Amino acid sequence: MKIAVTGKGGVGKTTIAATLARLYAAEGRRVYAADVDSDANLGLALGFPEEELEELVPISKMRKMIEERTGADKSNTFYKINPKVDDIPDKYGKECHGVKLLVLGTVETAGGGCVCPENVLLKRVINNLVLHRDDVVILDMEAGLEHFGRGTTEGMDMFLAVIEPGARSIQTYRNVKRLAEELGIKKVWVVANKVRDEKDEEFVRSRVDEDDLLGFVHYNLEVVDADREGASPYDISKLATEEICKLKDKIDKVKICDKEN
C-alpha cells in the first residue's frame, strides 16, 4: 500500500497521514512514513519524542552523503542519476510505535522540474520505497502542488487529497486530480477534514465527485489539544482515530478488489 497525502497548507494532511500510519502499524504491518514537507512535523504527529526529532537531519540536507552517493560536488557538475539508495530508509530512519519515520525534506530551488543532485536522490529514495518494498508507505507531502512538477510522487497507488469545506480546498482537489492523472495515478480520493456539521458535508458532496469522496473527519478539539501538546492524535483522540480508521477500511477494501481483478 503506497499512499501520498496532499493538500493545501493547514488542512490537516499530517494528522491524516500520521494516524493512518499508526493504524497500519497497530495491525503488525511494516510501515514507512516519509515526511516530504519543508516544515517537517510528521514525527510529532506520530508520537515521537521531541528531543529525538531534533536529532534528525532531512535527507535533502545531508550534503556530504548526497555528494558521496551522486558523485556531485562544487568542482563536478556531472552526477549519477541512479545512485545507491536502498539502505537509506533503514540507515537514516527512526522508529517509534512500529512506524519507521524518514524525513526527506524538500529541494529549495526556484521553478519546477528540478534535476539537481538532491532531487535525483530524493526521487530515487521514494522510488525504492514505492516500487521495491512490500510495505505500507505513506508520504506526507508538502503543501501545494510543486511536488508534482518534481515528479517525486510517481508510482503511488493513490493520492489522498485532504480538504476543508471551502472553495480554495475544492480547487486544490481538482488540480491534484488533474496532475495525478498526468503521472498515471488514476485514484485520487478526497478526505474532507475539520467538518463541523451537515451543512459542511453537503457543501463537500455538492462539489466533489461521488466516486472520489472517501469520507469525512469532523472538527475535533482533542486533535487541537494533541497539536498543542506535541502529541499524536492517535494517542489523544479516540473519536478522530475511529473516523480515520473507517477511511483506512475503505482504502483496504478497494485495494483488495484491485488485486482480485
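For segment 29-51: of the residues being aliphatic (A, V, I, L, M) and under 12 Å from the mean Cα position of the chain (by Cα), which is farthest from His97 (Cα to Cα)? The residue in question is Val36. Does Gly166 satisfy being at pLDDT 85 or above, of a type in the set (Gly, Ala, Ser) and closer than 16 Å to Lys13 by Cβ? Yes.
Would you pick out the residues in segment 131-146 that are within 17 Å of Leu183 (Cα to Cα) and modelled with pLDDT of 75 or more? Scanning segment 131-146 gives Leu139, Met141. Just wondering, is there one or more residues in segment 208-215 that are touching a Gly at 6+ places or on another chain (Cβ under 6 Å), surrounded by 14 or more Cβ atoms within 10 Å (Cβ to Cβ), on the phi < 0 side of the Ramachandran plot and part of a strand (DSSP E or B)? So far as segment 208-215 goes, no, none of its residues is touching a Gly at 6+ places or on another chain (Cβ under 6 Å), surrounded by 14 or more Cβ atoms within 10 Å (Cβ to Cβ), on the phi < 0 side of the Ramachandran plot and part of a strand (DSSP E or B). For Asp90, the stated conditions do not hold, so it cannot be described as within 21 Å of the chain's Cα centre (by Cα), surrounded by fewer than 23 Cβ atoms within 10 Å (Cβ to Cβ), part of a loop (DSSP other than H, G, I, E, B) and acidic (Asp, Glu). Those helices (runs of 4 or more DSSP H) of segment 1-84 in which 2 or more residues are of a type outside the set (Phe, Trp, Tyr) and modelled with pLDDT under 90 occupy 50-53, 63-70.
Just to be sure before I move on: is Ile244 outside any helix (DSSP H, G or I) and either touching a helix residue (DSSP H, G or I) at 6+ places or on another chain (Cβ under 6 Å) or more than 13 Å from Ile16 (Cα to Cα) (or both) in the structure I sent? No, not satisfied.
The values are calculated or read from the model by the stated rules, or taken from the named source; none is laboratory data. What you see is a predicted model; the values in this text were computed from it and never measured. With ideal geometry, Cβ positions are generated from the backbone for all residues, glycine too; neighbour counts draw on all protein chains shown.
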